[in-house]
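The values are calculated or read from the model by the stated rules, or taken from the named source; none is laboratory data. Keep in mind the model is a prediction, meaning the values are calculated, not measured. For neighbour counting, all protein chains shown are included, and Cβ atoms are generated from backbone atoms with ideal geometry for every residue, glycine included.
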Amino acid sequence: MIEIGRICIKTAGRDAGREAVIVDILNDKYVLIDGNVRRRKCNILHLEPTGKKIEIKKGASHEEVKNQFKKLNLPVWETKPKQKTERPRKRKKKRETKTTSKESKKKEKEKEKEDKKEDKKERKKEKQTNQEKDNKPQKATKETQETKDNQP
């Protein structure tokens, strides 16, 4: 009973209750169907064959099936072609802080400059204190006095 051109009723799935025609027999369990359903592979157990048969060849296109269904006044599943749109390109994110306005950027730059100036001042102070430590004569301790006294 399962043969190419046999009109069947789909009993399971999203397209249940709709008419379909067998377009191709894939193996002993699956067939390719088309008609008032989406063109797809379908399990034979999910089809209920009817007594109607149409003349189509193996692997018939959707257009051929559509013409045969119109002759029998049966509805046909129509899919709308997708509109071609250009895929949006990914843009690399720039490393920025949370603020984006020009004024805030200027303020950030000024803060950075001030921080750098402060760092320089601190380094200068540290340098000066280190130099002063090096230049100061050491205080005489008891040990150094004893060594000086012992020298002839």
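A few comments on the model shown:
Residues are listed down the side, and each one gets a yes or a no for (1) modelled with pLDDT of 80 or more; (2) touching a strand residue (DSSP E or B) at 6+ places or on another chain (Cβ under 9 Å); (3) of a type in the set (S, T, N, Q); (4) surrounded by fewer than 10 Cβ atoms within 10 Å (Cβ to Cβ):
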position	(1), (2), (3), (4)
E96	no, no, no, yes
E108	yes, no, no, no
D115	yes, no, no, no
K124	yes, no, no, no
Q145	no, no, yes, no
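- Each residue in the range 21-52 was checked for being in a loop (DSSP other than H, G, I, E, B), of a type in the set (D, E, K, R) and more than 25 Å from K80 (Cβ to Cβ), and 2 pass.
- Enumeration of residues in the range 13-25 that are more than 22 Å from N73 (Cα to Cα) and surrounded by 12 or more Cβ atoms within 10 Å (Cβ to Cβ): G13, D24, I25
- Scanning the range 51-86 for residues that are surrounded by 13 or more Cβ atoms within 10 Å (Cβ to Cβ) and β-branched (V, I, T) yields a total of 4.
- All positions within the range 26-40 that are surrounded by fewer than 15 Cβ atoms within 10 Å (Cβ to Cβ) and basic (K, R): K29, R40
- Filter pass, P49 being touching a strand residue (DSSP E or B) at 6+ places or on another chain (Cβ under 7 Å), within 21 Å of A16 (Cβ to Cβ) and touching a residue at least 24 places away in the same chain (Cβ under 8 Å): yes
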